[in-house]
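Encoded as structure tokens, the structure appears first; notes follow it.
No lab work stands behind these numbers, since they all come straight from the coordinates. Computed from a predicted model, the values in this text were never measured in an experiment. Cβ: placed from backbone, ideal geometry, glycine included. Neighbour counts: every protein chain shown.
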Amino acid sequence: MVSSRHHGSWRVNLWDKVTAGPSWTQLGKYQKKLSSSVSAQSCFLSTYGGTSHVSLDDVFTEVQLELHHSSSGVHQPLDLEDVVGSVGTVNKDADTVLVSGEAGSGKSTLLQRLHLLWAQRAALRDFVLLFPFSCRGLNLEHRELCVQELLFQHCCWPDREQEEIFQFILDHPHLILFTFDGLDELKEGFVDELRVCCPTQRAPVHVLLFNLIQGTQLKGVMKVVTSRPGAVGPGLKKHLRKEVLLKGFSPSGIDCFVRKHHSDSAVAAKVLESLQANTALLGLCHSPVLCWIVSQCHKELLSCGEGSPQTVTDVYLMILQHFFQHHSTSKGTTGAGWLQEHLRTVLHLGQLASEGITSSCCVFSGADLETCGITEKDVCMGFLVQSKDVSPGNSKRYEFLHVTMQCFFAALYIVLSGDTDCSTVPKLFELQDVTETGLSSTCLRACLPSADQQGGHLEEHTTAAEAPNLQITATFVSGLLSQRHKRSWQRCCSKAAVERKVRQVTRCLSKGMQKHFRSIPRPVPGEKKSMHAMPGFVWLIKCIYEMQESRIAKDAMSKLEVDHLKLTYCNIGPMECTALAYVLQHIKSPVGLQLDNNSVGDVGVEQLLPCVHVCNSLYLRNNNITDEGIRRLTAKVVHCDNFQKIALFNNRLTDASTLHISHLLKAKQSFLSLRLGNNNITAEGAKRLAEGLRRNHSLKFLGLWGNKIGDAGAEAIAGALENSKSLVWLSLVGNGVGNAGARALSGIVRNSLSLEELWLTQNCITRAGVEYLIQALKHNTHMKSVWLKNNDLSSEEVEEVKLIEPRLIF
Ligand code: ADP
């Protein structure tokens, strides 16, 4: 059951009333009608639409949800129902929760699950009415509406007493939930200016939507909005109650999904085995949409052996082949024969897709399909499904199985069509810069054939919806023009044209990288030269990986001169790690690679291994890494001469990790800094770590803040470091260290010639324990400070010891 935001008693009262009077009976009837409509809309997954009906209950798999870092201090994983719960609230006055995640990370499916659970009365029972909207559907509404019309016409029409039911909504906003899927697909960007306060006032739907989000309309109604990360600007963010990040499947989620997808457990086991054997592909499967494709194409996957997919483009080509071969006249067509057989369909669907991408259109009418020459047979291939959104005229509407599939077809069209302009490819890539500054993309539109014939749904300016789709399309174009795939296209279109496009993409990627490098500011004298990833940098890296052109990577990296590469909060998951390592392994001189606050995980760590030899330091704070990731990482870095520093604050490490780290300490006498704060290391782990510390003669910084090593652990560490000539900084903050620990640590203070700072904040040392430190400090003149704030001393004792020893800091 979802935790209630409100007092529990109202519901009882409400349902008492529901059965009491006639209008409440109508409300009950309306609720029933609404919930059966919500249930009907949400019980099947749409990606299976072209193949089979798969029930959401059967296949839904838990996804990884995290709070955005603005909700500081809360790092626990979230449950589905926490999305609407109070955990992580940053603005109590706001009613809108944003769920953000990349395309295919499972945003729509998550909402679908919430809808179904509500309709089944299995969750969200505090909400009497739930109104689901898709922004894609709202784009089709060109009339001006008032809120009542929006709710009743777009979700569910009350058969009687419409006014009373709407009045109930106005009077009880806390019992109502709205969901808006795909805010990034809305054609109009968020603006804060147009206020519509009166519920009967009509306005364009996007204006109503913005007013609902801001709370100028129906204040108190809870709203859950989904979007891709980049599309929500600060104007909207200030109206958010909280932001939840959707990070796709966890490793166990992949396992669970594959098992749910295949009723035959032997097949599931084989698919999982082949994923374990290809960790680049396993990395891709953290994205639910890719995991779905891989599971769907298990036959192709299991038969391709050595050549199993490595890139996102490979995965989409696999599903293309899968769907076509399903409908092929000549079964068993090998090589790219299937493509030749279905080239016409590819081009027609591709034309529809690319026109849609350039005009922010994901829903197509029968007439749109006809214009592109798409026949009933083409539709039957399964790439297009009937849209669930009710269109004003109730005529049939179509959409691609997933927006990424639309981008893929648009890319196929750009690569295969002879009709595209010479400047299409450069424009597509240059546009990424343009969209970042919000300029018009009409230039690309002009390069694609027949775009101007679309009339109706072409807009004049780049919208929030266009930028990410153009990026995905460009990534696919890079992949399709890679060495390994380009030969297939040469059978279907002019070889010279394909070669020209390859050259164009190569040039664009090189130019793009140079541009990023040129933007690196000059270092302040005495400081290291550091590069912060700019928007688009990770995208460029992914394009280079899709192209599998190590030449571009080598060339780009030979010109990069930085000491520190900072890619924090960049949505880097295992898939991005594969691409990063592919490119960064060519860096000339060693760098510090800072990947804090991403979703690297163990699979990502494994993917990074090819580039750790160019890293002198690796910062992986807050990345969901477990002991297994550390095992793999240490096994590699132990052989890397440059490697000197590692930061693993706030991961999921236990004592098992310390065995590997201890080995690393023993083996690497050039190792400088080890930060293991906020993990689950106990006294046992500290003892094991001590074995490594005793044999290491280079370590300068050791951070164990926020573990549970206690006195026994502190004693072990102190014993190992007592004669250290290198240690400069030691932190055992928040570790349950008492007087016995303090006594042991005073040994280091007494003897060390190198230690400058000792951090013992937030422990349980008393006045007696501090005395050991005071006595030890008498023998040590170079030590700068011992931090003791929040220990077990009275304020009088604190004042007293501060006078005795000013280097004790409280
Ligand atoms: P987004 O809205 O973020 O683009 P979707 O929700 O459309 O992503 O997910 C794409 C596809 O991935 C779905 O159609 C489904 O096949 C699969 N999928 C996503 N999330 C889940 C989940 N939690 N359980 C099972 N399958 C999922």
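Worth pointing out:
- Dipole axis of segment 25-130 (+1 Lys, Arg; -1 Asp, Glu on Cβ), positive-most option in Phe60, Leu129, Val87: Leu129
- Label reach from Lys778 (point 7 Å along Cα→C-beta): in segment 785-810, amide nitrogens under 14 Å belong to 804-805.
- Per the Debye calculation on segment 57-135 with a single equal scatterer at every Cα and no solvent contribution, log₁₀ I(q)/I(0) for q = 0.15, 0.17 Å⁻¹ amounts to -0.59, -0.77.
- Straight-line reach from Lys219: taking Cα to Cα under 15 Å and skipping same-chain neighbours fewer than 8 places apart, the aspartates and glutamates in range are Asp93, Asp95, Asp171.
- The share of Cα pairs per 5 Å bin across segment 533-615, counted from zero up to the longest distance, runs 3, 16, 27, 31, 18, 4, 0 percent.
- Sites Glu796 and His532 - FRET efficiency at Förster radius 51 Å, r taken between beta-carbons, to 0.05: 0.60
- Looking at segment 659-782, the pairs of alpha carbons with a distance over 27 Å make up 9% of the total.
- Above-threshold pairs, the threshold being 19 Å between Cα atoms, out of Lys668/Lys700; Lys515/Lys554; Lys29/Lys107; Lys700/Lys789; Lys668/Lys784: Lys29/Lys107; Lys700/Lys789; Lys668/Lys784
- Taking the fewest neighbouring Cβ atoms within 10 Å as the starting point, the ordered list for Tyr413, Tyr30 is Tyr30, Tyr413.
- Calculated over the chain: convex hull of Cα atoms, volume per residue (Å³): 180
- Each of Thr311, Thr200, Thr89 was scored by other Cβ atoms within 10 Å of its Cβ. Arranged with the fewest first, they read Thr200, Thr89, Thr311.
- Once the chain from Ala40 to Arg695 is taken as fully extended at 0.36 nm per residue, the excess over their C-alpha distance is 229.2 nm.
- Cα→Cβ-extended label distance, 7 Å offset, between Ser785 and Glu722, nm: 2.9
- Cα-Cα P(r), segment 109-252, percent of pairs per 10 Å interval: 10, 41, 37, 10, 2, 0
- Straight-line cross-link partners of Lys270 among the aspartates and glutamates, defined as a Cα under 16 Å from its Cα and at least 8 positions apart when in the same chain: Asp255, Glu300, Glu306.
- Gln483/Lys238 FRET efficiency (R0 51 Å; Cβ-Cβ; nearest 0.05): 0.60
- Assigned charges on the beta-carbon of Lys, Arg, Asp, Glu; the chain dipole about Cα centre (debye): 1920
- Sites Gln120 and Lys396, calculated FRET efficiency, Cβ-Cβ separation with R0 25 Å, nearest 0.05: 0.30
- Which of Val294, Val258, Val90 has the fewest Cβ neighbours within 10 Å, and the rest in rising order: Val90, Val258, Val294
- Pairs of Cα atoms in segment 165-233 fall into 5 Å distance bins, from 0 up to the last occupied one, in shares of 3, 16, 26, 25, 18, 8, 3, 0 percent.
- Segment 586-695: C-alpha pair distances exceeding 24 Å, %: 15
- Helix axis angle, 343-358 relative to the chain longest principal axis, alpha carbon, degrees: 70
- Annotation: for a label point projected 7 angstrom from Cα along Cα→Cβ of Asp79, no residues of segment 145-182 have a backbone N closer than 15 Å.
- At most 16 other Cβ within 10 Å, DSSP loop - GluC sites (Glu not before Pro), segment 138-206: Glu193
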